[in-house]
Amino acid sequence: MFSLQLCEQVERLARVLSMTLHYKDRGTHGHCDRVALLAEDFAGYLGFDGDHRRSIKLAAAFHDLGKIGVPDQIIHKQHRLTDDEMVQMRAHPLISERILAQIDHPACAAMGRWARSHHECIDGSGYPDGLAGSEIPVESQLLTLVDNYDAMAERRAYSAPRTHNAILAIMESETGWKHDAGLFGRFTAYIDQSPYRQPF
Ligand SMILES: [Fe+2]
């Protein structure tokens, strides 16, 4: 899927985009960096080959890049978003895909599709496309799991960091409508012995 040479060029570009995101929103930048490492490691646990793992890592690094296109006052808002603000926030996966599409390579098109679908839910209630079940690329389902785990592990404006057990309890309650039960089972087996597991 990926020639090594292109991958190195894309990884250099990823560092440029990552630094751009850093100056937009340090919190999102740190989250994307951690999700990239976690996604790559989980993909390895699932048996994905080296090129596939690297492309998943890059897609994870870019998954929230589209927040560059969301106004600062919405990204940093400490209270519930209005309906209009929610519409703008929910555009970020589409913007991530649009930015990646500029690289104009099939591998980046795939990464863009995976990033686009990281807020889809297995029952079709997610966004931006309302995809359900196997319509959602497995790479996107993987991204959703590691994205959710890291998001709940970090301190956010509206919530304190949660413990490992508390995060898994919430994710388990979301299984069947948000996450596929089989993939969530693989994730729980993986994260328990992962170096990226929350220490408490
Ligand atoms: Fe997101």
>> Name the single residue that is nearest to the ligand (Cβ to nearest atom) among those in segment 99-109 being open to solvent by less than 40 Å² (accessible area, probe 1.4 Å) and within 12 Å of Phe62 (Cβ to Cβ).
In response: Leu100
> Can Ser140 be described as under 24 Å from Ile74 (Cβ atoms), open to solvent by 50 Å² or more (accessible area, probe 1.4 Å) and not aromatic (Phe, Trp, Tyr)?
Replying inline: no
> Can you tell me which residues in segment 55-98 are part of a loop (DSSP other than H, G, I, E, B), within 12 Å of the ligand (Cβ to nearest atom) and open to solvent by 40 Å² or more (accessible area, probe 1.4 Å)?
Replying inline: Arg90
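Go through the residues of segment 28-43 one by one and say whether even a single one is closer than 18 Å to Tyr196 by Cα, of a type in the set (Phe, Trp, Tyr) and either under 14 Å from the mean Cα position of the chain (by Cα) or away from the ligand (no atom under 14 Å from the Cβ) (or both).
yes
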> Can you name the number of the only condition in (1) without any contact (Cβ under 8 Å) to a residue 12 or more places away in the chain; (2) within 16 Å of the ligand (Cβ to nearest atom) that Met152 fails?
Replying inline: (1)
>> I'm trying to understand the selection: among the residues of segment 121-130, which are open to solvent by 60 Å² or more (accessible area, probe 1.4 Å), within 16 Å of the ligand (Cβ to nearest atom) and not hydroxyl-bearing (Ser, Thr, Tyr)?
In response: Asp129
> Is it the case that segment 111-120 has a residue that's away from the ligand (no atom under 16 Å from the Cβ), at pLDDT 95 or above and open to solvent by 60 Å² or more (accessible area, probe 1.4 Å)?
Replying inline: no
>> Given the criterion over 21 Å from Ala39 (Cα atoms) and of a type in the set (Gly, Ala, Ser), identify the matching residue among Ser125, Ser134.
In response: Ser125
> With respect to Leu17, is the statement that it is touching a helix residue (DSSP H, G or I) at 6+ places or on another chain (Cβ under 7 Å) and among the aliphatic types (A, V, I, L, M) true?
Replying inline: yes
> Inside segment 104-152, can you point out the residues that are among the β-branched types (Val, Ile, Thr) and in a loop (DSSP other than H, G, I, E, B)?
Replying inline: Ile122, Ile136
> Cβ-Cβ below 8 Å, separation at least six or inter-chain, first residue in segment 55-82 and in contact (Cβ under 8 Å) with a residue 60 or more places away in the chain, second assigned to a loop (DSSP other than H, G, I, E, B) and within 11 Å of the ligand (Cβ to nearest atom): which pairs?
Replying inline: His63/His118
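The values are calculated or read from the model by the stated rules, or taken from the named source; none is laboratory data. Keep in mind that what you see is a predicted model, and the values were worked out from it rather than measured. In this analysis, Cβ positions are derived from the backbone assuming ideal geometry, glycine residues included, and neighbour counts consider all displayed protein chains. Side chains included, ligands, DNA and RNA excluded: accessible areas come from the protein's heavy atoms. Shrake-Rupley method; radii C 1.70, N 1.55, O 1.52, S 1.80 Å.
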